[in-house]
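Just so you know, all these numbers are worked out from the coordinates, no wet-lab data involved. From a predicted model like this one, the values you see are computed outputs, not experimental measurements. No Cβ is skipped: glycine too gets one built from the backbone with ideal geometry, and neighbour counts run over all protein chains shown.
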Amino acid sequence: MLSLAIPKGSLQEQTMLLFAQADLGIRKSSRAYNPTIDDHRIERVKVLRPQEIPLFVQDGYFDIGLSGHDWVRESGADVIEIADLPYAKTGAGVVRMVLAVPEESSIASARDIKPGSRITTEFPRVTKEYFDRLGIDVEVFFSYGATEAKVPEMMDALVDLTETGSTLRKNGLKIVDTILESTTRLLVNRAAWEDPTKRQAIEEIRTLLLGVIEARGKVLLSMNVSGACLEAVVAVLPAMKRPTVNSLYGCDGYEITTVAEKSTVNVLIPKLKAAGADDILEIPITKIVR
């Protein structure tokens with residue numbers, strides 16, 4: 001029913017992981033660019049460069065695709081972004097498109113860039129629009145890669161993507177402005193979105209993917225507590241809305257369940273124990289569907 005384009009390169013591994021966790025496992029085939037998904041809703045899968053996916057989705061070669069918001073902006077593709085999936089090549093997170101200059105430069109922001117400056121980037125469209133909004137006439141040069149190597153000998157500044165900024169710093173560059181923040185997006189062809197049958201399938205796929213994203217970094221905590229300690233334990237608990245409290249059969253006690261951030265449980269569990277909770281279970285969560 002649906003045709004899907006997934007990104008090759010730095011996003012591919014994390015995309016494969018996301019689909020696997022959503023129970024939509026992508027299986028590699030002998031034809032490397034044509035994997036399969038054992039799900040009746042997805043008929044065809046293609047692996048493509050993320051730069052190309054927005055326009056291919058726009059033009060109807062694919063019903064849905066995954067690519068960065070940065071490439072949607074750069075391509076100018078007329079697609080619908082129906083889900084924000086904040087993961088990057090190193091896992092969960094947001095990438096920034098930044099303006100960087102040599103460390104020794106006196107430039108502190110984009111507004112300090114002089115007219116006529118040479119800017120190298122893989123995102124010429126977004127870069128030109130950004131400086132046009134600032135009213136600064138710069139020369140923008142397309143970079144085929146190794147963008148950092150061109151500054152300062154050939155170029156005055158660069159615009160590039162970064163997660164941590166470490167590569168820029170290693171090359172003697174400093175970030176002076178953020179042009180935009182980008183995450184991976186689920187893109188939809190407009191005609192496919194207007195088709196009721198395809199739209200239902202697309203919405204189901206979106207629900208599964210977002211369920212995985214929502215569950216990442218979270219665990220389910222379950223515990224027992226006496227009636228005398230109930231309020232003290234509940235006061236310690238975090239909750240998505242409110243914790244679930246159920247009476248235990250045959251005694252004056254309760255079972256409490258709640259969702260917590262995995263990063264907090266090493267502090268939270270001792271506090272719960274001290275407040276009177278026992279039989280505490282920490283359970284991994286694979287999806288949270290709101």
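Starting from residues that are basic (K, R) and under 24 Å from the mean Cα position of the chain (by Cα), keep the ones in segment 170-197 and report whichever is surrounded by the most Cβ atoms within 10 Å (Cβ to Cβ). Break it down stepwise before answering.
Step one: of segment 170-197, the residues basic (K, R) are 170, 174, 185, 190.
Now narrow it down to the ones that are under 24 Å from the mean Cα position of the chain (by Cα): 185, 190.
Numbers: R185: 24, R190: 12.
Looking at the filtered set, the residue picked out is R185.
Show me the strands (runs of 3 or more DSSP E) entirely contained within segment 169-267 in which 3 or more residues are within 20 Å of H69 (Cα to Cα).
The qualifying strands (runs of 3 or more DSSP E) are 173-182, 184-188.
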For this session: Search segment 198-251 for residues being free of Cβ contacts under 8 Å to residues at least 12 places away in the same chain and closer than 21 Å to G276 by Cβ, and hand back the single one that is nearest to the chain's Cα centre (by Cα).
Result: R242
Exercise. Would you call K273 of a type in the set (K, R) and touching a residue at least 24 places away in the same chain (Cβ under 8 Å)?
Worked result: no
Problem set entry | Single condition I288 does not satisfy, out of (1) among the β-branched types (V, I, T); (2) in a loop (DSSP other than H, G, I, E, B); (3) free of Cβ contacts under 8 Å to residues at least 24 places away in the same chain | (3)
Exercise. On the given criteria, is A20 in a helix (DSSP H, G or I), aliphatic (A, V, I, L, M) and farther than 29 Å from V140 by Cβ?
Worked result: yes
Exercise. Do the conditions hold for R125, that is, is it surrounded by 16 or more Cβ atoms within 10 Å (Cβ to Cβ) and within 25 Å of the chain's Cα centre (by Cα)?
Worked result: no
Exercise. Listed residues S3, S75; which is farther than 15 Å from L208 by Cα and free of Cβ contacts under 8 Å to residues at least 60 places away in the same chain?
Worked result: S75
Problem set entry | Residue list for segment 153-168, restricted to those being surrounded by 14 or more Cβ atoms within 10 Å (Cβ to Cβ) and assigned to a loop (DSSP other than H, G, I, E, B) | M155, D156, E163, G165
